[in-house]
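A quick write-up on the structure given underneath.
We did not get these values from a lab; they are worked out from the coordinates using the rules stated. Note that the structure is predicted; figures quoted are calculated from it, not measured. We place every Cβ from the backbone using ideal geometry, glycine too, and count neighbours over all the protein chains shown.
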Amino acid sequence: MAVLLFSLVVPGLAIAQTEVLYNGIHLPEQWPPRYTEPQKAQDMPIPYLEQKPGVIPVNVGRQLFVDSFLIAETNLNRVIHTPRFYEGNPVLGPDKEWEKTTEGGLYAAPFSDGIWYDEKDGKFKMWYLAGAGVLHKGDNQTFYTGYAESEDGKHWTKPVLDIWNQTNIVDTCNRDAATIWLDKQEKDPSKRYKMFNVERRPTDRRWQFILKYSSDGIHWGEGVAQSGDLYDRSSAFYNPFRDVWALSMRYGTTVSSRSRSYLEIFLTILKIHT
């Protein structure tokens with residue numbers, strides 16, 4: 001068992017010395033960039049729109065027209081269409097006694113946890129934030145991780161599992177945000193699923209990322225790495241074009257307690273001490 005958790009938050013300063021991305025963007029010599037803390041609310045600079053490449057390769061992946069990066073000229077107007085909600089909403093709701101908070105309210109919300117289609121098992125899988133008042137009774141707000149699955153992405157069931165008390169709870173740690181990622185590039189079957197869980201540290205009750213692995217997204221191992229202090233609503237994602245993991249972290253500034261910070265990490269540097 002891992003008894004020493006290696007630091008997860010590793011700045012990616014030396015990643016991109018004059019690195020050219022697949023779409024022609026030249027990353028700055030220092031990446032991720034370092035900004036001074038703003039004293040007022042303002043838009044962040046977007047260097048790749050201010051200095052576009054002379055030629056933009058479009059032979060990798062799908063091209064999304066979410067901004068003006070790919071558009072040299074146009075006579076069209078950008079329109080944001082109103083989505084049509086599925087008439088069967090909500091597709092997931094709190095309906096179990098073990099989803100109650102310490103105040104007695106039912107709580108089940110996917111937030112950033114994740115929904116993936118697992119080709120190996122032939123089903124959609126969902127993880128969600130569930131009220132944990134029946135387990136963590138010492139806090140006003142406590143949550144753990146619930147699991148649901150579906151054949152079509154619309155009709156979801158909460159299976160009875162062998163993890164905790166014959167429920168659908170797959171991880172009992174007291175948490176806030178989480179990101180579960182089905183890593184389709186992972187060669188180790190035991191690490192197909194990765195969980196970046198924002199958990200309370202028992203010693204001082206501060207939030208931190210805890211990294212965990214699973215082969216099926218249901219049976220999770222102990223944490224193998226941890227971060228330093230961070231704020232509750234933080235998440236992670238994988239950038240396949242640069243083969244890095246990115247952490248999007250809530251950060252408090254004088255302007256707003258809901259600012260964001262960004263880090264890149266390489267999971268290959270993590271060492272498990274036994």
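For the chain, a Gaussian network of Cα nodes joined below 10 Å ranks Asn239, Asn75, Asn168 by mean-square fluctuation, and the top entry is Asn75.
Among Lys154, Lys52, Lys100, the largest mean-square fluctuation in a Gaussian network model of the chain, built with springs joining Cα atoms closer than 10 Å, belongs to Lys52. What label, among (1) 19.3; (2) 28.8; (3) 18.3, belongs to mean projected area of the Cα convex hull in nm² computed from the structure on display? Label of the calculated value: (3). Karplus-derived 3J(HN,Hα) values for the stretch 163-176, using 6.51 cos²θ - 1.76 cosθ + 1.60 with θ = phi - 60°, are 8, 9, 6, 6, 10, 9, 7, 9, 8, 9, 5, 5, 9, 10 Hz; glycine and proline are entered as x.
With both labels modelled 7 Å from their Cα along Cα-to-Cβ, the Phe65 to Lys137 distance reads 5.9 nm.
Counting only GluC sites (Glu not before Pro) that are in a DSSP loop and have at most 14 other C-beta atoms within 10 Å, tell me the longest site-free stretch of the chain.
Working: sites that count: Glu19, Glu29, Glu73, Glu87, Glu103, Glu119, Glu151, Glu222.
Longest stretch, sites excluded: 152-221.
Taking Leu135, Leu76, Leu21 as the candidate residues, the one with maximal mean-square fluctuation in a Gaussian network model of the chain, Cα springs under 10 Å, is Leu76.
Projecting the Cα atoms of Gly61, Ser190, Cys173 onto the charge dipole of the chain (Cβ charges, centred on the Cα centre) puts Cys173 farthest toward the positive pole.
Using the count of nearby Cβ atoms within 10 Å as a rough guide to exposure, how do Thr18, Thr253 rank from fewest to most? Intermediate values should be presented prior to the final figure.
Numbers: Thr18 8, Thr253 14.
Ascending Cβ contact count within 10 Å gives the list Thr18, Thr253.
Projecting the Cα atoms of Gly93, Gln141, Asn239 onto the dipole axis of the chain, where Lys and Arg carry +1 and Asp and Glu carry -1 at the beta carbon, places Gln141 farthest toward the positive end. Here the stretch 29-172 is treated with +1 on each Lys and Arg Cβ and -1 on each Asp and Glu Cβ, and its dipole about the Cα centre works out to around 240 debye. Using a Förster distance of 45 angstrom, determine the FRET efficiency expected from the C-beta separation of Arg34 and Lys123, and round it to 0.05. In this case the efficiency is close to 0.55. Taken about its Cα centre, the chain carries a charge dipole of about 300 debye when Lys and Arg each add +1 at the Cβ and Asp and Glu each add -1 at the Cβ. The ranking of Met195, Met126 from fewest to most other beta carbons within 10 Å of each one's beta carbon is Met126, Met195. Computed FRET efficiency, Cβ-Cβ of Arg205 and Met44, R0 45 Å: what is it to the nearest 0.05? Step by step, r from the Cβ atoms, then E = 0.90.
Among the trypsin sites (Lys or Arg not before Pro) in the stretch 181-274, those located in a DSSP loop and surrounded by at most 14 other Cβ atoms within 10 Å of their own Cβ are Lys184, Lys187, Arg205, Arg206, Arg258, Lys271. With contacts taken as Cα pairs under 8 Å and at least 6 residues apart, the chain reaches a relative contact order of 18 percent.
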